[in-house]
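S.K.: Just passing along the structure, written as structure tokens.
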Ligand SMILES: NC(=O)c1ccc[n+]([C@@H]2O[C@H](COP(=O)([O-])OP(=O)(O)OC[C@H]3O[C@@H](n4cnc5c(N)ncnc54)[C@H](OP(=O)(O)O)[C@@H]3O)[C@@H](O)[C@H]2O)c1
């Protein structure tokens, strides 16, 4: 039996899908037992929905009984460190043999990070390394998710632009979070995950793209001109709060990614072990072909 925390999210839902496809039993954790994403997971063979808040230690202790391996991801939240630490402690107490944790950008995962969720991830990873006991573990550090575009630009696409505090020539090796999920599932299913024990592994998508190339892909897919426009970081933060509903602290923290991109920090490749296991294959072109048609139309067509 496997346990996936954060099962309704971008990465967790793919881990559940892949584990289900391989024929094993999966406990899929979510705070709510209703909603479209839960219903989708519920339809998968071998999947049991576990409705439990990650702050509920007793609920987690019960849910982790009989579980062999755990995938741990949680959306960025003020309580993220405590929530993930609760899962780690429950997994150790239940005698789980392996846990894969979804980290964030390794470059800003530290105690004094300017990025608040970078400090949360540091606390989680410190706890994991110190408290895992006999349980084996691995931390994954993925590149910027392609799915960030859903929150970031769908408000500006109708006006013919993607708008970031970046130059058109800035570039990154963005990854589809489903590729991260594919890798994590393969690791959990491995007959000897001890070869990944204690490792911090990197994951990036298959292509390096500039922001102007990304705009060109939107242009091609939507059949109308989409330009790459530059805004200031405070403008992006304000738009993320007003347009996409980010909490203020999270918008400020997420905006730090643009400095990392400008400095080339998102040009890392995937760790060789993971390239051998399940190489990330979903391209930005494919992601845009899948998602751009769902974006709102330009005002004239509304
Ligand atoms: N975005 C990126 O570019 C990027 C890149 C690398 C790493 N990361 C890291 O990846 C993680 C996010 O992964 P993801 O996109 O798969 O996650 P997600 O979809 O944002 O969230 C995963 C799940 O977390 C659960 N959750 C529980 N408590 C929560 C709370 N208080 N606030 C928000 N969600 C909560 C939610 O499930 P229920 O509502 O069903 O309970 C949600 O579906 C973060 O830790 C982030 O630092 C992100």
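No lab work stands behind these numbers, since they all come straight from the coordinates. These numbers were taken from a predicted model, which means no experiment stands behind them. Cβ sites come from the backbone with ideal geometry, for glycine too, and all protein chains shown count toward neighbours.
S.K.: What does the helix-only formula give at 222 nm for the chain: each DSSP H stretch with n ≥ 4 adding -39500 (n - 2.57), the total divided by the residues, and the result rounded to the nearest 500 deg cm²/dmol?
M.R.: Per the formula, -12500 deg cm²/dmol.
S.K.: At a Förster radius of 30 Å, what calculated FRET efficiency corresponds to the Cβ-Cβ distance of residue 247 and residue 300, to the nearest 0.05?
M.R.: So the FRET efficiency works out to roughly 0.35.
S.K.: Mean separation of Cα pairs under 8 Å and 6+ residues apart, divided by the residue count of the stretch 1-134: what relative contact order is that in percent? Let's see the in-between values first.
M.R.: Details: 237 pairs, mean separation 29.2, N = 134.
Dividing the mean separation by the residue count of the stretch 1-134 yields 22 percent.
S.K.: Taking Cα atoms, how many degrees apart are the long axis of helix 116-131 and the longest axis of the chain, rounded to 10 and kept between 0 and 90?
M.R.: 20
S.K.: Could you compute Rg(Cα) / (2.2 N^0.38 Å) for the stretch 185-302, with N its residue count?
M.R.: Relative to the rule-of-thumb radius for its length, the stretch 185-302 sits at 1.36.
S.K.: Right, next: Classify the stretch 253-302: rounded, prolate or oblate, from the alpha-carbon gyration tensor (a ≥ b ≥ c, eigenvalue square roots; a/c under 1.5 rounded; otherwise prolate if a/b is larger than b/c)?
M.R.: Taking the square roots of the gyration eigenvalues as a ≥ b ≥ c, the stretch 253-302 is oblate.
S.K.: Cα centroid distance between the stretch 89-143 and the stretch 217-246, in Å?
M.R.: The stretch 89-143 and the stretch 217-246 have Cα centres separated by 32 Å.
S.K.: Sort 158-165, 276-283, 219-226, 8-15 by the packing proxy (mean of other Cβ within 10 Å over each peptide's residues), most packed first.
M.R.: 8-15, 158-165, 276-283, 219-226
S.K.: State, as an integer percentage, the relative contact order of the stretch 189-302 based on alpha-carbon contacts under 8 Å between residues 6 or more apart.
M.R.: Details: 64 pairs, mean separation 48.5, N = 114.
Taking the mean separation of contacting Cα pairs over the length of the stretch 189-302, I get 43 percent.
S.K.: Something else about it: Using Cα springs under 10 Å in a Gaussian network model of the chain, which residue among 251, 69, 185 shows the largest mean-square fluctuation?
M.R.: 251
S.K.: Step by step: find N for the stretch 219-277, compute 2.2 N^0.38 Å, then divide the Cα radius of gyration by it. What's the final number?
M.R.: Numbers: Rg = 16.0 Å, N = 59, 2.2 N^0.38 = 10.4 Å.
Relative to the 2.2 N^0.38 Å estimate, the stretch 219-277 comes out at 1.55.
S.K.: R0 = 51 Å: FRET efficiency of residue 224 with residue 97, Cβ-based, nearest 0.05?
M.R.: Efficiency, rounded to the nearest 0.05: 0.45.
S.K.: How big is the Rg/Rh ratio for the stretch 94-235, C-alpha atoms only, Rh by Kirkwood, two decimals?
M.R.: Details: Rg = 18.5 Å, Rh = 17.3 Å.
Computed over Cα atoms, the ratio is 1.07.
S.K.: Taking the 0 to 90 degree range and rounding to the nearest ten, how far is the long axis of helix 233-244 tilted relative to the main principal axis of the chain, both from C-alpha atoms?
M.R.: Orientation of helix 233-244: about 70 degrees from the principal axis.
S.K.: log₁₀ I(q)/I(0) of the stretch 1-100 at q = 0.11, 0.24, 0.25 Å⁻¹, via Debye over equal Cα point scatterers, no solvent, to two decimals?
M.R.: With one equal scatterer per Cα and no solvent, log10 I(q)/I(0) is -0.26, -1.34, -1.45.
S.K.: Relative contact order of the chain: what whole-number percent is it, with Cα pairs under 8 angstrom and at least 6 residues apart?
M.R.: 18
S.K.: Measure nothing fancy, just the Cα-based angle from helix 211-222's long axis to the longest principal axis of the chain, in degrees from 0 to 90, nearest 10.
M.R.: 80
S.K.: Here's another thing I want to ask about it. I want to verify a result. In a Gaussian network model of the chain, Cα cutoff 10 Å, which of these has the top mean-square fluctuation: 54, 199, 174?
M.R.: Among 54, 199, 174, the largest GNM mean-square fluctuation belongs to 199.
S.K.: Under 10 °C and 1.306 mPa s, how fast does the chain diffuse according to Stokes-Einstein, given a Kirkwood radius computed over C-alpha pairs? Answer in µm²/s, whole number.
M.R.: D, rounded to a whole number, is 80 µm²/s.
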